[in-house]
Amino acid sequence: MSSSLPGNRELPVSQYDLSTYMGRVRHAIGITDPSTLLAGKSGLEQAKRLVTDYKTGKTTHMTPELWKAKKIVDSTLHPDTGEPVFLPFRMSCFVITNLIVTAGMLQPGLQTAGTIAWQVANQSVNVAVNSANANKSSPMTTAMLAKSYVVAVTASCSVALGLNQLVPRLRVSAGTRNILKRLVPFAAVASAGALNAYLMRRGEIETGIDVRPVLSDEEKRKLQDEGRSERDVPSLGRSRKAAKIAVYETAASRVFNSSPVMIIPPMVLYYIQQKQAWYRRLMEREWVKARPRVATTIPIGINLGLIAATAFAVLPLALAVFPQQQAISADSLEEEFHGKGGANGKVWFNRGL
């Protein structure tokens, strides 16, 4: 990210008011913008030069070109290493990377082997994304990463297989049973996604995370004049209560992100298949009936389109639910932080992704 480039003058965090939900949504749209993937090596180097010019004082004001450069840098470089994150695991590629896996898990009528295979694939992607974007100053050990992977896969497969066995036994109408079958992947993905986030970051709860005093506007201007940022203010210490908030909110945001993607497309597809005359006429055409592969591909194609549209729309909304830099009362944390808050008695911490 821009913080990893040379220079003491920090760029503004965002163009938008991050204290409001809509401001955070607009900011998240930039972070997840897939067009940044097209910048390439030359585009990234140009963006880094523009950002460095601002941080070293060669450029004095933010311009539309500089905001675009910041977006490319922030969506490409890891904040700790300053190196590009492997492209499939960037947040700007999150929807694209997950599209095929999500579509696979939503296919109706999966047998045991298919269910297990898709849940393993989904958790493999989750672990890869979490690892690629993890805090490199305190990286997870291989043993911790392996344990997280095994537990998440076991949980998702257990939920999926258990519900696949339970739903046919329910005394409900055939239509209700078909709907419930389509929601089984959601239950598996939501539970495993939240568990995966917790397992990947449980070390933070054990050791705590840094909290710093919230600064007044005057203090922020003074730091900016000195070429420093809020992160240069010494930490008040590590808080386990703040870590719990950060980890639990991150786990909740995973559920918020996966819920619409796993529910809306299968429900809309079910409605189209059961209620829409144009769909029935299409599937009853002789050339479709004569080609079983085409008949199978049509609903899959519609499903993929619905999943992609929903995922692109929902990701910024889910990321913006909780502020990434969270401000809370110092008195709500451990006793050692009581009375040590800054403006309005508050401290802030970085919730993470």
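The values are calculated or read from the model by the stated rules, or taken from the named source; none is laboratory data. Everything numeric here is computed off the predicted structure, so don't read it as measured data. Positions of Cβ are generated from backbone atoms using ideal geometry, with glycine treated the same way; all protein chains shown enter the neighbour counts. What goes into the accessible areas is simple: the full protein's heavy atoms, side chains included, and nothing from ligands, DNA or RNA. Shrake-Rupley method; radii C 1.70, N 1.55, O 1.52, S 1.80 Å.
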| said: Between I263, I209, I179, where does the largest GNM mean-square fluctuation fall for the chain, given springs only between Cα atoms within less than 10 Å? | reply: I179
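Determine the alpha carbon to alpha carbon distance for each of K48/K222; K147/K241; K70/K244; K222/K346; K41/K71; K71/K222 and list only those over 21 Å.
On the way: K48/K222 26 Å; K147/K241 24 Å; K70/K244 31 Å; K222/K346 19 Å; K41/K71 15 Å; K71/K222 26 Å.
From the list (K48/K222; K147/K241; K70/K244; K222/K346; K41/K71; K71/K222), the Cα-Cα distance tops 21 Å for K48/K222; K147/K241; K70/K244; K71/K222.
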| Which residues' amide hydrogens lie under 5 Å from the amide hydrogen of Q325, considering only partners 5 or more residues apart or on another chain, with H built in the peptide plane? | R351
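Assuming a viscosity of 1.002 mPa s and a temperature of 20 °C, what translational diffusion coefficient in µm² per second does Stokes-Einstein assign to the stretch 18-152, Rh being the Kirkwood radius over Cα pairs?
Numbers: Rh = 17.2 Å.
This corresponds to a translational diffusion coefficient of 124 µm²/s.
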| remark: Output ordering of 154-162, 265-273 (per-residue mean of other Cβ within 10 Å, highest first) is 154-162, 265-273
| said: Just to be sure I understand, if you calculate semi-axes √(5λ) of the Cα gyration tensor in Å for this structure, which of [x] 42, 25, 18; [y] 48, 25, 18; [z] 31, 27, 20 do you get? | reply: [x]
| said: Students often check this: by mean Cβ neighbours within 10 Å, which of 311-322, 37-48 ranks highest, and how do the rest follow? | reply: 311-322, 37-48
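Could you calculate the contour length gain from I298 to M22, that is, 0.36 nm times the residue separation minus the distance between their Cα atoms, to one decimal place in nm?
On the way: separation 276, 0.36 × 276 = 99.36 nm, distance 3.64 nm.
That works out to 95.7 nm of additional length.
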| query | How high is the FRET efficiency between D232 and E206 when r is their beta carbon distance and R₀ equals 22 Å, given to the nearest 0.05? | reply | 0.25
| Over the C-alpha atoms of the stretch 1-84, what are the Rg and the largest Cα-to-Cα span, Dmax, in Å? | 12.4, 35
| Between N164, I96, L333, whose Cα lies farthest towards the positive end of the dipole of the chain when Lys and Arg beta carbons carry +1 and Asp and Glu beta carbons carry -1, centred on the Cα centre? | N164
| remark: Computed from the beta carbon distance with a Förster radius of 35 Å, FRET efficiency for T60 and I96 to the nearest 0.05 stands at 0.40
| request: Specify, per residue and in Å³, the volume enclosed by the convex hull of the alpha carbon atoms belonging to the stretch 93-217. | output: 173 Å³
| message | Based on C-alpha coordinates, I'd like the Rg and Dmax of the stretch 196-353, in Å. | response | 24.8, 77
| request: Report the label-to-label distance for A132 and L317 in nanometres (one decimal), using points 7 Å from each Cα along the Cα→Cβ vector. | output: 2.5 nm
| query | So which aspartates and glutamates pass the test for K275, namely a Cα distance under 19 Å, with those fewer than 8 places away in the same chain ruled out? | reply | E284
| Measuring from label point to label point, each 7 Å out along Cα→Cβ, what is the R240 to T112 span in nm? | 4.2 nm
| request: Return the long-range amide H neighbours of K346 (sequence gap of 5 or more, or a different chain), with a cut-off of under 5 Å between placed amide H atoms. | output: V214, A330
| Quick one: if the Förster radius is 51 Å, what FRET efficiency do E45 and S329 give, using the C-beta to C-beta distance and rounding to 0.05? | 0.70
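With every protein chain left in place, what is the accessible area per residue of the chain in square angstrom, probe 1.4 Å? Can you show the working numbers first?
Details: 18530 Å² over 353 residues.
Result: 53 Å² of accessible area for each residue.
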| query | So, in nm, how far is label W278 from label A146 when the simple model puts each one 7 Å beyond its Cα toward the Cβ? | reply | 5.4 nm
